[in-house]
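Report on the structure given below.
The values are calculated or read from the model by the stated rules, or taken from the named source; none is laboratory data. These figures come from a predicted structure and were not determined experimentally. Methodologically, a virtual Cβ is constructed for each residue, glycine included, from the backbone with ideal geometry; neighbour enumeration extends over all protein chains shown.
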Amino acid sequence: MREKGLWQFSLWRLLKKLLKADNSFKSGRIIGSMCTSPHPLAERVFRRYLEKNVGDPGLFPATIALEAEAITALASLLGLKNATGYIVSGGTEANILALWAAKKASPPEKREVVLSEAAHFSFDKAASLLDLKLIKVPVKSDGSLNLKQAAQKIGPRTMALVGIAGTTPLGAVDPIPELSQLAEENNLFLHVDAAFGGFVIPFARQLGRQLPEFGFRLAGVKSICIDPHKMGMAVIPAGGILFRQRELAEAIRVPVPYLAGGESALPTIIGTRSGAAVIATWAMLKHLGESGYRAVVKRCLELTDYLAIQLKAIPGLALVTEPAINIVGLKSLRLPNTELAQRLRSLGWAISLFDTHLRIVVMPHLRLSHLKHLLADLRRCIVQPKVHF
């Protein structure tokens, strides 16, 4: 730390220089991220209310009330009139909270969780933190859970099932109606990770896309993760956790007696929690409404359809599967996927790489012109393999 601080002008100039290497969503070159540029309204709301900390709820009762309204709106979107939940740091915290609640609601001899091998890494974190054992089930060719094998893995130590609505590798949707039935038949906790798909699938279904139900309309679903800072276009950090029953959320509350706003019991992993993110999420839900989000999803899905058609026309490339939502998996038939990813990155594209494929996520910041540039570079990489990158 300097003895004498920098003038603001000098500091801004220094930051511009130091952060020059960072990618920007506005460039249209980030094609592998499940996040996007926040909506301008969300940015403005977030900046205005930065001081608010809902980790001390007694100080900010009005913000807590807006959080409850936001949770009610999300629960309604997912098929439940009332739910208990919180705007948290992201999908990782939400998934950990769900399995923590499941553990609290289960007898001590039940400590196994059956889930897809495509499950997010947050479940590995949760298992380590909560001393649980993950029983991972292979996926089918479309990337969704193999239901028959999942059913075979249920045993006397099974505590919970996890279904994914929009998997990280391919955006696949697990057979959650059938998982719900399995959960009811075996008296198991069913958590749905809809961190990405939660703001896509309901609107895609409204647009006529054939996607399975995944929400609270299914009686076996006990909790759902849904992230406003992904397709919800809110600010980071803004994840979401919803519980069907208040008792599940209350079981993981920890009493905190010393808060300035008065004694409270906090239900989240982190203590200090951004009230600005809560208010920005509330504002986005109010501002866009279902019709606004439906329009966002419609545009992303139309661009996804265009991209998938164009990719299939490029010799040397193939889709892993037809996209279920706005996530495209492609693989190279002429050179290793790792090399294709390296070539694209050398051309400035921020793309995701998995063991079996590359992933493109068609987020709201992408435009048709961006995809056309991407397709041109893909042709260059594949059709002219001797070009130096």
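For this structure, a couple of remarks:
- Annotation note: of GLY215, GLY261, GLY232, the sole residue that is touching a residue at least 12 places away in the same chain (Cβ under 8 Å) and within 22 Å of ALA101 (Cα to Cα) is GLY215.
- Any hit, the stretch 322-337, residues being surrounded by fewer than 21 Cβ atoms within 10 Å (Cβ to Cβ) and of a type in the set (Ser, Thr, Tyr): no
- Residue in the stretch 296-309 that is more than 24 Å from MET231 (Cα to Cα) and not assigned by TED's automatic domain parsing to the domain that holds MET233 present: no
- Inclusion of ARG47 among residues that are assigned by TED's automatic domain parsing to the domain that holds LEU129, of a type in the set (Lys, Arg) and modelled with pLDDT of 95 or more is warranted.
- LEU15 satisfies every condition listed in (1) out of contact with any helix residue (DSSP H, G or I) (no Cβ under 6 Å at 6 or more places or on another chain); (2) part of a loop (DSSP other than H, G, I, E, B); (3) at pLDDT 95 or above except (2).
- Looking across the stretch 205-226, the residues that are outside any loop (DSSP other than H, G, I, E, B) and not aliphatic (A, V, I, L, M) come down to ARG205, GLN206, LYS222, SER223, CYS225.
Matching residues to (1) buried (at least 24 other Cβ atoms within 10 Å of the Cβ); (2) outside the structural domain of ASP355 (by TED's automatic domain parsing); (3) within 24 Å of ARG273 (Cβ to Cβ):
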{"residue": "LEU145", "(1), (2), (3)": "yes, yes, no"}
{"residue": "THR167", "(1), (2), (3)": "yes, yes, no"}
{"residue": "GLU184", "(1), (2), (3)": "no, yes, no"}
{"residue": "PHE199", "(1), (2), (3)": "yes, yes, yes"}
{"residue": "ALA219", "(1), (2), (3)": "no, yes, no"}
{"residue": "ILE226", "(1), (2), (3)": "yes, yes, yes"}
{"residue": "ALA234", "(1), (2), (3)": "yes, yes, yes"}
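- LEU207 being in contact (Cβ under 8 Å) with a residue 12 or more places away in the chain, within 26 Å of VAL297 (Cα to Cα) and surrounded by fewer than 24 Cβ atoms within 10 Å (Cβ to Cβ): yes
- Condition check for GLU250: acidic (Asp, Glu) and closer than 16 Å to TYR86 by Cβ: yes
- Listed here are the helices (runs of 4 or more DSSP H) enclosed by the stretch 271-389 that have at least 3 residues being at pLDDT 95 or above, among the charged types (D, E, K, R) and within 21 Å of the chain's Cα centre (by Cα): 275-312.
- Flag for ARG244 being over 22 Å from VAL114 (Cα atoms) and out of contact with any Pro (no Cβ under 7 Å at 6 or more places or on another chain): no
- When we screen GLU69, GLU51 for residues that are more than 15 Å from ASP193 (Cβ to Cβ) and in a loop (DSSP other than H, G, I, E, B), the only hit is GLU51.
- LEU188 fulfils the conditions (1) out of contact with any helix residue (DSSP H, G or I) (no Cβ under 8 Å at 6 or more places or on another chain); (2) within 30 Å of GLU112 (Cβ to Cβ) except for a single criterion, (1).
- Members of the stretch 70-103 found to be at pLDDT below 95 and either within 23 Å of ALA119 (Cβ to Cβ) or within 15 Å of the chain's Cα centre (by Cα) (or both), listed by number: ALA83
- Restricting attention to the stretch 261-277, the residues being under 10 Å from VAL88 (Cα atoms) and either polar (S, T, N, Q) or surrounded by fewer than 19 Cβ atoms within 10 Å (Cβ to Cβ) (or both) number 4.
- Among the residues here, GLY79 qualifies as surrounded by 12 or more Cβ atoms within 10 Å (Cβ to Cβ) and under 30 Å from ALA251 (Cβ atoms).
- Counted residues, the stretch 348-357 - those being more than 17 Å from CYS35 (Cα to Cα) and buried (at least 16 other Cβ atoms within 10 Å of the Cβ): 2
- Enumeration of residues in the stretch 18-35 that are of a type in the set (D, E, K, R) and in a loop (DSSP other than H, G, I, E, B): LYS20, ASP22, ARG29
- For the stretch 227-234, the condition of being touching a Leu at 6+ places or on another chain (Cβ under 9 Å), part of a helix (DSSP H, G or I) and farther than 24 Å from SER106 by Cβ holds for none of the residues.
- In the set (1) buried (at least 19 other Cβ atoms within 10 Å of the Cβ); (2) outside the structural domain of LYS372 (by TED's automatic domain parsing); (3) not hydrophobic (A, V, I, L, M, F, W, C), ARG29 fails one condition alone, (2).
- Some residue of the stretch 36-46 being touching a strand residue (DSSP E or B) at 6+ places or on another chain (Cβ under 9 Å) and part of a helix (DSSP H, G or I): yes
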